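A short write-up of the structure that comes next.
The values are calculated or read from the model by the stated rules, or taken from the named source; none is laboratory data. Here the structure is a predicted model, which means the values were calculated and not measured. When we count neighbours, we look across all protein chains shown, and the Cβ atoms used for this are built from the backbone with ideal geometry, even at glycine.
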Amino acid sequence: MPKAYWIANVTVTDPDAYRSYQEIAPEAFVAFGARFLARGEAETLEGTDWERRVIIEFDSMEAARACYESELYRAARAKRSDACTADIALIAALD
């Protein structure tokens with residue numbers, strides 16, 4: 001089963017509220033075996049200029065989707081809903 005990647009593009013609009021997301025989101029990632037591969041500022045060469053980019057590796061598409069849909073991450077998403085704009089995608093590895 002190929003690994004999967006969670007790719008997030010984020011621009012924070014309320015840093016204080018976003019910190020409350022950052023305080024609880026890691027619990028969901030740990031619970032689903034996620035590994036952060038890249039996180040932080042990025043250079044945009046084409047397309048929308050986002051403040052932050054994040055790449056998170058999961059053992060499978062199912063694990064990545066389960067993390068996103070979990071109660072743990074739903075609680076975290078509620079904390080960030082008014083704190084940022086974000087695009088999040090899941091993508092399966094080639095092998």
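Just one of A38, A64, A83 is in contact with a Leu (Cβ under 8 Å, 6 or more places away or on another chain), hydrophobic (A, V, I, L, M, F, W, C) and modelled with pLDDT of 95 or more; which is it?
A64
Go through segment 48-95 residue by residue and tally those that are under 20 Å from I24 (Cβ atoms) and not aromatic (F, W, Y).
Total satisfying the criteria: 26.
Given the options A64, A38, name the one that is exposed (fewer than 14 other Cβ atoms within 10 Å of the Cβ) and not in a loop (DSSP other than H, G, I, E, B).
A38
For Y21, which of the numbered conditions (1) touching a residue at least 24 places away in the same chain (Cβ under 8 Å); (2) within 20 Å of L94 (Cβ to Cβ); (3) not charged (D, E, K, R) fails to hold?
(2)
What single numbered condition from (1) touching a helix residue (DSSP H, G or I) at 6+ places or on another chain (Cβ under 9 Å); (2) among the charged types (D, E, K, R); (3) surrounded by fewer than 12 Cβ atoms within 10 Å (Cβ to Cβ) fails to hold for D16?
(1)
Would segment 38-53 turn up any residue that is touching a residue at least 40 places away in the same chain (Cβ under 8 Å) and among the β-branched types (V, I, T)?
Within segment 38-53, not a single residue is touching a residue at least 40 places away in the same chain (Cβ under 8 Å) and among the β-branched types (V, I, T).
Considering only segment 19-32, state which residues are loosely packed, with under 13 Cβ neighbours inside 10 Å and within 16 Å of A63 (Cα to Cα).
Correct list: V30 only.
Would you confirm whether or not segment 12-23 contains a residue that is among the aliphatic types (A, V, I, L, M), modelled with pLDDT under 95 and within 18 Å of L72 (Cα to Cα)?
yes
Out of the residues in segment 73-89 meeting the condition of being more than 13 Å from the chain's Cα centre (by Cα) and among the hydrophobic types (A, V, I, L, M, F, W, C), tell me which one is surrounded by the most Cβ atoms within 10 Å (Cβ to Cβ).
So, considering only residues that are more than 13 Å from the chain's Cα centre (by Cα) and among the hydrophobic types (A, V, I, L, M, F, W, C), the one surrounded by the most Cβ atoms within 10 Å (Cβ to Cβ) is A83.
Please identify the pairs in which a residue from segment 58-69 that is closer than 10 Å to F32 by Cα and of a type in the set (F, W, Y) has its Cβ atom under 7 Å from the Cβ atom of a residue that is modelled with pLDDT of 95 or more and not in a strand (DSSP E or B), counting only partners at least 6 apart or on another chain.
Close Cβ pairs satisfying both conditions: F58/K3; F58/F32; F58/G33; F58/A34; F58/A64; F58/C67.
I need the full set of residues from segment 70-95 which are touching a residue at least 60 places away in the same chain (Cβ under 8 Å) and out of contact with any helix residue (DSSP H, G or I) (no Cβ under 8 Å at 6 or more places or on another chain), in order please.
Result: T85, D87, A89, I91, A93, L94, D95.
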